[in-house]
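Right, one structure below, let's go through it.
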């Protein structure tokens, strides 16, 4: 289906990217936001999730709290990965790859050093929808932005290479809000491929579903909602797991980062908060 402007209407997993844009637009409108995303409102509105559109009704108070928790996590993870990208380019990295880019607008809203190339990897439908909004907004990227329309279940490394990615040079990889939708074997395969394309000094930022989150959120999730499509969580030892893949990793919980950003979580910790759902990793020398 298409909307009045001829754009493909969001559906499936990539439709959740429009909901993420709505959250980022709401954060941008705050008096003291953790980040500013000027394009988020346009993406959300074009996808039918603008501020005038009421969210689906809550099933109960617990469902309301869970939805607020998801929105809060989007804000904190966005800030976390913005900071990771700033550190990566400050260290000299000039290749950025966004896996499952969705409505990410970092190419347009962040300050990039000269020579930065940013690859957005996603399927053709969301990239096409995004392109139409960007044209409408007359958005101009602040780096060399290259879209790579390919399904991550297919030969995305080949498509990335054809688009100009150089595996001999360090890359910073971002998988934000992506891995939780993939089965564990697909997550493993994806990160093995990422490792094969990462020179020493490459960096990686991941978001992982904390252990227990799928069971807690999927039970009464509305059909088509983000939580209804979650399938995987982090391993018991994410640092050890990534070490086995050639990465030196640090993990952080949302609670830890929220407190560091001046947005402390006031509710008691959940039992599954012992491991971090936010990951920063550096590729070890091989």
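The values are calculated or read from the model by the stated rules, or taken from the named source; none is laboratory data. Owing to the predicted nature of the structure, the values given are computational and were not obtained by experimental measurement. Glycine also receives a Cβ, built like all others from the backbone with ideal geometry; neighbour counts cover every protein chain displayed.
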Per the filter on the range 147-189, residues part of a loop (DSSP other than H, G, I, E, B), surrounded by 15 or more Cβ atoms within 10 Å (Cβ to Cβ) and free of Cβ contacts under 8 Å to residues at least 40 places away in the same chain are 150, 167
Here are some residues: 153, 138. Which one is over 19 Å from the mean Cα position of the chain (by Cα) and more than 25 Å from residue 84 (Cα to Cα)? 138
Which condition breaks for residue 237 when tested against (1) closer than 28 Å to residue 91 by Cβ; (2) exposed (fewer than 14 other Cβ atoms within 10 Å of the Cβ); (3) within 21 Å of the chain's Cα centre (by Cα); (4) at pLDDT below 95? (3)
Which of the residues spanning the range 153-187 are modelled with pLDDT under 95 and touching a helix residue (DSSP H, G or I) at 6+ places or on another chain (Cβ under 9 Å)? 153, 177, 178, 179, 180, 181, 182, 186, 187
Looking only at residues that are touching a helix residue (DSSP H, G or I) at 6+ places or on another chain (Cβ under 6 Å) and not in a loop (DSSP other than H, G, I, E, B) in the range 125-146, which one is modelled with the lowest pLDDT? 126
